[in-house]
Amino acid sequence: LREVRDLPPRDATATASPTQQQSPEATGTFGHSKSGMFADSPSKLPQWVENDRKVLRFFGYFKEGVVESNIENHRVRKIILFYYLEDGSMHVAEPKQDNSGIPQGTFIKRHVFLKDDGVSSFTPQDFAVGECVSIYGRTFFLVDADPFTRQWYEDN
């Protein structure tokens, strides 16, 4: 077996002996200079990396009509609307209440919701506390937001 120092150099720039060559920190990865290999890379991260695990959370309710009772005309059902900044998807959940007799939990599964026009999708600018949002023909009234959501809107 030959040792590495016995091998001939690959190109003219590698003619120096191993003890005289630059350290890996000075040359960068795989022998490229730091200015050459990563000079073109963008300084800003992609949106899906920058916004990973960042979720806007709104609290609200919707009114559901009741036809099987003479006592009440409608029920007010609480919801939590989640908007995922990484990919623009959303989901709507209903907090579970014991012994309510109404199916609860995930109301609409996570995906990109289209607005009523059927063409454009929802963006963070479409949501605000005190506003109404219509999703799949049902109107949700947004009454509150968590602290992260409020801070995110102040910063952006």
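The values are calculated or read from the model by the stated rules, or taken from the named source; none is laboratory data. These figures come from a predicted structure and were not determined experimentally. Every residue, glycine among them, receives a Cβ derived from its backbone with ideal geometry; neighbour counts consider all protein chains shown. The protein model used for the area step is the full one, side chains on, heavy atoms only, and it has no ligands, DNA or RNA in it. Shrake-Rupley method; radii C 1.70, N 1.55, O 1.52, S 1.80 Å.
Look at Val143 and say whether it is closer than 17 Å to Arg57 by Cα and either touching a Leu at 6+ places or on another chain (Cβ under 8 Å) or basic (Lys, Arg) (or both). No, not satisfied. Here the strands (runs of 3 or more DSSP E) wholly within region 15-116 that include at least 2 residues being at pLDDT 90 or above and of a type in the set (Phe, Trp, Tyr) are 55-65, 74-84. Scanning region 127-151 for residues that are open to solvent by 50 Å² or more (accessible area, probe 1.4 Å) and under 19 Å from Asn51 (Cβ atoms) gives Pro147, Phe148, Arg150, Gln151.
On the stretch given as region 120-138, residues that are under 25 Å from Tyr153 (Cβ atoms) and in a loop (DSSP other than H, G, I, E, B) total 9.
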